[in-house]
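The values are calculated or read from the model by the stated rules, or taken from the named source; none is laboratory data. The shown structure was predicted, so the numbers you read here are calculated from the model rather than taken from an experiment. FYI the Cβ positions are ideal-geometry reconstructions off the backbone, even for glycines, and counts take in every protein chain you see. Just the protein is used for accessible areas: all its heavy atoms, side chains included, with ligands, DNA and RNA removed. Shrake-Rupley method; radii C 1.70, N 1.55, O 1.52, S 1.80 Å.
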Amino acid sequence: MYRTHTCGELRLADQGKTVTLAGWVQKSRKLGGMTFIDLRDRYGITQLVVEADAAPELVEAASGLGREFVIQATGEVLERQSKNPKMPTGEIEIKLSAIRILNKSVTPPFTIEENSDGGEDLRAKYRYLDLRRPPLQRALALRHRLAQEIRSYLDGQGFMEIETPYLIKSTPEGARDFVVPSRMNPGTFYALPQSPQTFKQLLMVAGYDRYFQIVRCFRDEDLRADRQPEFTQIDCEMSFVEQEDVLNTFEGMMRQMFKNALGVDIPNPLPRMSWYDAMDDYGSDKPDIRFGMKIREITPLVQGCGFSVFDGAQYVGGIAVPGCVEYTRKQLDELTEWVKRPQVGAKGLVYIKCNPDGSVKSSVDKFYTPEQLQAVAVKCEAKPGDLVLVLCGPKRKTQTQLGVLRIEMGNRLGLRDPKVFAPLWIVDFPLLEWSDEDQRFYAMHHPFTAPKPEHEKWFYSDKKEDLERVCANAYDFVLNGTELGGGSIRIHEAAMQERMFEVLGISKEDAEYKFGFIINAFKFGAPPHGGLAFGFDRVCALFGGQETIRDYIAFPKNNQGRDVMIDSPSRIDDAQMEELFLSSTYTPPQP
Ligand code: ASP
């Protein structure tokens with residue numbers, strides 16, 4: 001037996017026991033002839049001590065230990081002289097009688113402790129060493145716990161876990177596919193799934209009724225904004241359901257996950273907000289409702305007073321930032337520059353200070369009377385001491401900019417505590433999005449999403465205005481300003497699916513080539529069905545109170561989509577290229 005206990009297990013109650021531990025030497029230090037060793041495994045750290053008067057072989061073995069040596073150590077559990085209340089094992093230490101080195105280690109390139117001195121690139125190269133660190137072990141343990149909660153909940157609800165293939169044909173999530181050349185079918189390619197969307201729908205046609213899978217998906221996108229080329233979804237589909245059934249089922253799943261993994265109770269039922277209200281009030285389809293500062297339209301209050309910037313705008317809106325009346329000239333100038341950055345894209349910023357004495361002071365005092373400015377402040381629900389910030393321009397664009405500004409002010413004011421959770425559903429999305437550039441509609445979710453039944457009349461109209469009015473039977477799960485998942489009730493009739501492809505400007509031939517199999521399946525008695533998928537990596541990160549998903553993935557890729565540990569992607573040899581019917585003469589430009 002290698003060990004009697006783990007390094008996180010022993011307590012004062014174990015005093016006097018003879019134990020054997022095994023693990024990694026995190027640190028070893030000498031103090032007045034004694035050697036103290038911190039021994040680590042994934043359960044914790046235990047202090048080992050070799051007394052000055054111990055057997056000479058033991059003293060020698062202890063002094064030869066380097067960082068990350070793997071050892072087996074036997075000794076007696078003693079009460080510690082100087083206790084460490086921060087460590088669960090901090091009341092005891094093991095007085096050693098034997099040490100056996102199981103394996104030596106070269107000096108690791110960075111410290112493997114709670115906080116490491118290693119830079120990101122170095123830690124990525126030695127990911128297996130970084131993974132020894134407690135924060136990463138906690139992250140993966142949380143991921144594991146959540147996966148178990150998901151499986152137990154969905155199993156309890158009658159869902160079946162069914163695997164779907166990775167080597168498939170293009171899927172409709174709208175990103176670029178990763179492709180895999182087929183050796184046995186010269187000149188042809190598989191695509192890796194962007195999601196199992198079509199397969200889960202086919203499983204419904206096949207009568208499986210309730211499906212789920214914790215599944216890898218692949219999207220060849222630019223990797224800004226904390227994305228990974230391969231990521232994991234909690235993918236689900238149900239038959240004979242309406243939107244209400246889907247929302248209730250997955251609210252239940254989230255409730256269990258919050259309760260069992262974090263001990264947090266989320267509201268029951270969860271709030272729901274239409275996409276239109278989310279855009280109008282928060283300037284975002286993933287509103288952070290942990291704080292107010294709602295966007296208010298003030299267009300009618302500010303037009304016709306001679307301020308041409310507002311007079312010429314389609315929309316003028318403002319937010320009241322609590323307690324920021326004291327903002328100095330310099331801070332306001334800085335904020336103005338901030339909204340003008342390309343990431344926000346506003347042309348300028350107007351402010352109204354609501355002084356504690358009830359008076360107002362603004363950057364547009366020349367054009368407006370104090371009463372007019374007061375009216376704006378009232379509309380924005382400002383209180384004395386608040387700072388009203390105003391932007392103008394095209395409606396949705398300006399709302400989006402105000403939304404970004406709102407989040408920024410929320411951050412600056414510390415209103416976005418990662419330990420506070422405010423989940424909600426966003427519903428009633430538009431079904432279609434018009435692209436001026438391409439002069440065509442795109443599906444806002446994906447082309448299998450059904451219109452709301454009461455909007456079907458517009459779906460079959462040829463007028464652009466009618467099609468723009470159609471709401472989708474779709475929903476997103478949003479937590480703290482992040483979209484964690486989304487889905488829809490699907491189209492289940494071949495004729496409606498064909499109409500959808502027609503609206504999206506996909507020719508009959510193209511639709512047949514890409515999605516003929518599913519249109520055909522719908523002709524064989526497809527049940528009404530719907531579902532959704534959650535981004536599991538992001539769920540884990542948010543539950544863990546972190547912004548980035550990378551810590552919650554054992555072996556992630558960097559911003560260039562590279563795994564620098566295994567050095568991938570990499571070139572393959574010419575013979576393999578030829579076997580795959582790929583030209584081996586092309587040399588990519590060297591970076
Ligand atoms: N397949 C969709 C996605 O990946 C989710 C869904 O509609 O179920 O976003």
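A few comments on the model shown:
- Segment Y166-N355, extension gain: residue separation times 0.36 nm, minus the distance between their alpha carbons: 61.9 nm
- FRET efficiency, 1/(1 + (r/R0)^6) with R0 56 Å, evaluated for V264 and E326 via beta carbons: 0.95
- Comparing Cα centroids, region 398-460 and region 468-521 end up 16 angstrom apart.
- When a 1.4 Å probe is rolled over the protein heavy atoms, the share of accessible surface on the chain that falls to carbon and sulfur comes to 51 percent.
- Take the chain with all the other protein chains still there, run a 1.4 Å probe, and you get 49 Å² of accessible area per residue.
- When the alpha carbon gyration tensor of region 399-535 is reduced to an equivalent ellipsoid, its three semi-axes come out at 33, 18, 13 angstrom, largest first.
- Surface accessible to a 1.4 Å probe, R143 within the full protein complex, Å²: 40
- With one equal scatterer per alpha carbon and no solvent term, the Debye-computed log10 I(q)/I(0) for region 234-333 at 0.17 1/Å reads -0.98.
- Anisotropy class of region 1-132 from Cα gyration tensor, a/c 1.5 cut: prolate
- Backbone N atoms of region 442-463 closer than 11 Å to the 7 Å Cα→Cβ label point of E483 belong to residues 444-446.
- The distance between label points at K419 and N559 comes to 3.1 nm (points 7 Å beyond Cα on the Cα→Cβ vector).
- Inter-site label distance for H144 and D222 at 7 Å from Cα along Cβ, in nm: 3.8
- Rounded to the nearest 10 Å², the accessible area of W24 at probe 1.4 Å: 80
- Shown are K383, K286, K86, whose ranking by accessible area with a 1.4 Å probe and every protein chain present, most to least, is K86, K383, K286.
- Rounded, prolate or oblate (a/c below 1.5 giving rounded, otherwise prolate when a/b exceeds b/c) for region 275-389 by Cα gyration tensor: rounded
- Hydrodynamic radius by Kirkwood, which averages 1/r over all alpha carbon pairs of region 180-276, in angstrom: 16.7
- Positive-end residue, the chain charge dipole about Cα centroid, Cβ charges, pick of H445, S308, A375: A375
- Placing Y2, Y276 in order of accessible area, with the largest value first and a 1.4 Å probe, yields Y2, Y276.
- Full extension of the chain between L504 and Q256 gives 85.4 nm of extra length, using 0.36 nm per residue less the Cα-Cα distance.
- Summarising the strand pairing of the chain, around 95 percent of its internal DSSP beta bridges are antiparallel.
- Heavy atoms of R272 accessible to a 1.4 Å probe, total area in Å² rounded to 10: 100
- Remark: accessible surface ordering of L192, L391 (largest first) is L192, L391, probe radius 1.4 Å.
- Extension gain for the segment A575 to M87, taken as residue separation times 0.36 nm less the Cα-Cα distance, is 170.0 nm to one decimal.
- Three principal axis extents describe the C-alpha atoms of the chain; from largest down they are 92, 76, 54 Å.
- Shape analysis of region 477-553 places it in the prolate category; the axes a ≥ b ≥ c from the Cα gyration tensor give an a/c of at least 1.5, with a/b above b/c.
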